[in-house]
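First comes the structure, then the notes that go with it.
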């Protein structure tokens, strides 16, 4: 599958995540925001429609029969790299490059140790012979404009092989507009629910 197609599908999944799940993303304003795992699950759900009937999309996939997690060795081993990668796009139960398309690690509020995250992701990519690995930071923050969206996203990603630093998924204006569109979709959806009650 061409890289440009894979990138476009992930970009589309990010857009639909923001438009469909803005209420989940805006929990960043709360003392206990939604976990990265929940957000990764919602992104995987959108990716599922992008790859329907051609690939399996799983969250924190446990490689049954291999006794290992998608991110590393057995969980009882004291290796920090043993933590599974958030999203796997693959053919379940099969191994090798032709059956392992991509793994994605999702961050929501910045990458604290880029070098360590890239090393862990690269380790998973190599161990299971995935074609691509992506570190995705949605970079969700409280909005600064009191009349604008309460939270804004400025997603950036790093692709392996080849990536050395995070690159913006959308230009700044487009990312801001996506946040506003997500906020408007959320207000519209909740207004409809209120009218139905």
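FYI, it's all coordinate maths here, none of it is from the lab. Predicted model only: the values in this text are computed from it and were never measured. Reconstructed Cβ throughout: ideal geometry from the backbone, glycine too, with neighbour counts over all protein chains shown.
Of all the options 103, 111, 85, the one that moves most in a Gaussian network model of the chain with Cα springs shorter than 10 angstrom is 111. Modelled this way, with points 7 Å down the Cα-to-C-beta line, the labels at residue 114 and residue 1 are 2.7 nm from one another. Within the chain, DSSP assigns beta bridges of which about 80% are antiparallel (rounded to the nearest 5). When the convex hull of its Cα atoms is viewed from all sides, region 140-197 shows a mean projected area of 5.5 nm².
Here the convex hull built on the C-alpha positions of region 97-197 has a volume of 141 cubic angstrom per residue. Each principal axis of the Cα cloud of region 106-165 was taken in turn, and the coordinate range along them, longest first, works out to 48, 20, 17 Å. To the nearest ten degrees, helix 36-50 and the longest principal axis of the Cα atoms of the chain are 80 degrees apart.
Kindly provide log₁₀ I(q)/I(0) values, in the same order as q = 0.15, 0.16 Å⁻¹, from the Debye equation applied to equal alpha-carbon scatterers of the chain. Debye output, listed in q order: -0.91, -1.02. Sequence-distant contacts, meaning Cα pairs under 8 Å at least 6 residues apart, place the relative contact order of region 3-196 at 18 percent. In this structure, residue 97 and residue 187 have a Cβ-Cβ separation that, at R0 = 45 Å, corresponds to a calculated FRET efficiency of about 0.50.
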